[in-house]
Amino acid sequence: MRLDKFLCSKGTRSEIRKLLKSGAVTVNGEVVKDSGFQVAPDCTAVMCRGERVIYKSFIYLVMNKPQGYISATRDKKLPVVTDLIGEEYRRFEPYPVGRLDIDTEGLLLLTNDGELAHELTSPKKDVCKRYMAVTDIPMDKADSDAFSAGMEFSDFTAKPARLEFTDDPNTVFITISEGKFHQVKRMCGKCGKHVTFLKRVAIGGLELKEDLALGAVYELTKEELIEQIYKKEF
Ligand code: URA
């Protein structure tokens, strides 16, 4: 592959061109200034300002999505979640895995790895998503039974879901294994309750870190992400 592509984590195309021109990049100890110089993707001999560069083509980001952003990469009118990520990540062109509503907060994955994104959203994989929901009227035992039984909607049948009560009567945790449009709100609505606040707190075993600020992201490797998501199911 071309050396400028190999260096893609180091800056924009023009930044990389400048970096190469400045003589900051060596391959096997020799300064290389030619952007088209060929290196193997797994080459371990590329150094930039004395630091080894490892090529990566995929990126895996964990975000604490704030309200007011849509789960998309562009929109004509509204801010999108990728507006929140820095250029060092944006150049990999990540996109959200699944969707949180504009007024939903919490755990959102972004990647440019289509295969993994597909796997995580596939209904067959049954990756559980856990939400904290605040409702206008407290949910009760009958609601919990209705969740456990699964629910019929005109356009789909929701699989059995789990409702857990908390010390606050208006706050519950809800775990679903699908990701249908507005699913949590619709399931609560079927019980006659309106969701006034919704936050995703886990995807499989990957939990939203309490100290991850709204709008902040951190990067995981593919292995770390898979390990955390599948480490336990709720
Ligand atoms: N269910 C909803 O209703 N909204 C979300 O954003 C996610 C799950």
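Just so you know, all these numbers are worked out from the coordinates, no wet-lab data involved. Quantities reported herein were computed from a predicted structural model and do not represent experimental measurements. Counting neighbours? That spans all protein chains shown, and the Cβs are built from the backbone with ideal geometry, glycine included.
Some points to look at:
- Dipole check for segment 128-203: with +1 at the C-beta of Lys and Arg, -1 at the C-beta of Asp and Glu, and the Cα centre as origin, the magnitude is about 340 Debye.
- The Cα atoms of segment 3-52 give a gyration tensor whose axes a ≥ b ≥ c have a/c under 1.5, which makes the shape rounded.
- Couplings for segment 64-80, taken from phi via the Karplus curve 6.51 cos²θ - 1.76 cosθ + 1.60 with θ = phi - 60°, read 9, 5, x, 5, x, 10, 9, 7, 7, 9, 7, 8, 5, 10, 9, x, 10 Hz in order; Gly and Pro are left as x.
- Each 10 Å bin, from zero up to the one with the longest distance, holds this percent of the alpha carbon pairs of segment 136-202: 20, 61, 18, 0.
- Segment 114-234: C-alpha pair distances exceeding 24 Å, %: 30 percent
- Both radii come from the Cα set of the chain: Rg as radius of gyration, Rh as Kirkwood radius; their ratio Rg/Rh reads 1.10.
- Volume in Å³ per residue [convex hull over Cα atoms, computed for segment 104-168]: 136 Å³
- Relative contact order of the chain, pairs being alpha-carbon contacts under 8 Å that are 6 or more residues apart, as %: 19 percent
- Residue-averaged 222 nm ellipticity for the chain, from DSSP H runs of 4+ at -39500 (n - 2.57), nearest 500: -5500 deg cm²/dmol
- Scanning the chain for DSSP H helices at least 27 Å long along the axis (C-alpha atoms) with a Kyte-Doolittle mean no lower than -0.5 picks out nothing.
- Note on segment 1-66: dipole from Cβ charges, positive end direction compared against ALA40, MET63, GLY11; the farthest Cα belongs to MET63.
- Over segment 72-131, volume per residue of the alpha carbon convex hull, in Å³: 97 Å³
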